[in-house]
1. With a cut-off of 14 Å, note down the residues of the stretch A:57-90 whose backbone N falls inside the zone around a label point 7 Å from the Cα of A:Val31 toward its beta carbon.
2. Over all residues in A:55-62, what is the mean tally of Cβ atoms on other chains that come within 10 Å of each residue's Cβ?
3. May I ask you to derive the FRET efficiency for A:Thr183 and A:Leu83 from their Cβ-Cβ distance with R0 = 41 Å, giving the value to the nearest 0.05?
4. At a 10 Å Cβ-Cβ cut-off, how would you order B:Arg50, A:Arg102, fewest neighbours first?
5. Within the set A:Lys184/A:Lys232; B:Lys7/B:Lys163; B:Lys163/B:Lys204; A:Lys5/B:Lys172, which residue pairs have Cα atoms separated by over 25 Å?
6. Report, in degrees rounded to the nearest 10, the 0 to 90 angle that the Cα long axis of helix B:193-208 makes with the longest principal axis of chain B.
7. Please label the shape of the stretch B:148-223 as rounded, prolate or oblate, based on the square roots a ≥ b ≥ c of the eigenvalues of the alpha-carbon gyration tensor (a/c under 1.5 means rounded; beyond that, a/b larger than b/c means prolate, else oblate).
8. Using the 10 angstrom Cβ neighbour count as an exposure proxy, how do B:Val206, A:Val237, A:Val53, A:Val204 rank, fewest first?
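Computed from the coordinates by the stated procedures, all read-outs in this text should not be read as laboratory data. Bear in mind that the values here come from a model prediction, so they are computed numbers and not experimental data. Ideal geometry is used to build each Cβ from the backbone, glycine not excepted, and the neighbour counts take in all protein chains shown.
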Amino acid sequence: MIANKETIMMLAAQGKRLDTRKLTDYRQPIVIETNISWTAEGSAKVQIGNTTVMAGVKLSIEKPYNDTSDQGGIMINAELLPLSSEEYEPGPPGIKAIELARVIDRGIREAKAIDLHALCITPGEKAWFVIIDIITINDAGNLFDVAGLAAMAALKAARFPVVNEETGSIDYKNRTDKPIPLTKEPISVTVYKVNGALMIDPTVEEENSYEARLTIASDNDGTISAMQKGGKMPLTVEEVGQMIDLALERSSFLREELNHQLKN
Amino acid sequence: MSEILVKERDIVIPGEALAEGLDYLPGDNTYRENNQIYSKVLGLVNISGRVLKITPLAGPYVLKVGDKIIAKVIDIAMSGWRVDTNTAYSAMLNVKDASMRFIKKEEDLSKILAIGDHVVVKIINVTSQNLIDVTMKEPGLHKISGGRIVKINSQKVPRVIGKQGSMISLIKTKTACEITVGQNGLVWITGTPEGEFLAERAIKLVEEKSHLEGLTDKIEKFLGGN
């Protein structure tokens, strides 16, 4: 759908949206499916409305970085498949893919969600590295929140592979039931400012009409671990405060949804 | 000798035989080869007397003189605007065809139509090289402001309009929206936000179920509660 930017802005100021949702409502259905791939140690497919994102977790044993010799590491990569939107082209990752990967990475890394010390096997020599790949299947808006949720679901579903004691090689075909040492569950919520109104979970049309956005990653007890501001317009201190309040409230909704759906 | 191999409203695929013998005539999207008539496209069979036609299920819109389309301004040139027609070819809207009033030589064209604006225009000329001219100088042709624009398959435009405009006037009255359907598959809806949303869903439903019979009744039922 191509909607006039003016219509979206006019409606936003009245607290309305093109699809008759409330400004702070997520689209339905929210579907979280885990273990969708047998080649990945953990995987998830998350759908919010028509936006669908897959995330996969791979685990490998590497030499730790010199400055953190007693820790493992995490790497997050995002790929915007050309099939998922008419905007995306094949080729090296563009600015949008890099931003997406970095925002998700920062949310998980800065929350210290994964206990990196527990990933270490032999200090200075061997440690587990967690590699998360995010792939967009369909971009109908709000990739940040959906990808963040997918990464978290995949992390929660991941199980370590069996390691051969003698040779030290990893047998990826067999899994132990040891999960990744997660201490927190950061969930990111992106709040968009459209014509002065604050909006959650935008569609593609709404994403083309925003003035500013703020992605806020927060964990179980409401501690903010990371933020990312986007868009051309500035935000006032009051607006940032409002955005954080809204994001914290909405992240508890997403967290509930995540935990509820993973239990079943 | 001649025999017809399909029924009215059958779905056929390219290369499927429709009829045998010379008594039947190949119409739109069909061809004759070795005494048989075949379909060129994926579509629905339409038998009118001896002529076999196929209504395609999908396909590109071909710009035709006299069609009313909804286009988007993509560039401002010396003497007019270039507009995107939602096809492979862009069209030119000349200054002389843009407005009833006189536009002075030194006037800023972006004040009249800016890049990104949508306009309802009529095609006035298509050359053999597919250079297209459009006009905005007739009643009902104007710049679009407000409302929303929905994209549909251009082959479904006749179904969205319905017989003598029955479908579109049904949606208009039930949702109290003003609706303009461009032949290129862009539909402009304007009204209350709720009405617009309902009209949009109704149009999408028509697009989806257009191959079924009794569509107007289905849409009436869908819109019924209002």
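1. The answer is none, because no backbone nitrogen lies closer than 14 Å to the label point.
2. On the way: counts 0, 0, 0, 0, 0, 0, 0, 0.
For this peptide, the per-residue mean of nearby foreign Cβ atoms is 0.
3. Details: r = 36 Å, r/R0 = 0.88.
For A:Thr183 and A:Leu83, the calculated efficiency is 0.70.
4. On the way: B:Arg50 12, A:Arg102 15.
Going from sparsest to densest Cβ surroundings: B:Arg50, A:Arg102.
5. On the way: A:Lys184/A:Lys232 32 Å; B:Lys7/B:Lys163 22 Å; B:Lys163/B:Lys204 18 Å; A:Lys5/B:Lys172 23 Å.
From A:Lys184/A:Lys232; B:Lys7/B:Lys163; B:Lys163/B:Lys204; A:Lys5/B:Lys172, over 25 Å: A:Lys184/A:Lys232.
6. That helix lies at roughly 30 degrees to the long axis.
7. Numbers: a/c = 1.60, a/b = 1.14, b/c = 1.40.
Here the stretch B:148-223 falls in the oblate category.
8. Sorted ascending by nearby Cβ count, the order is A:Val237, A:Val204, B:Val206, A:Val53.
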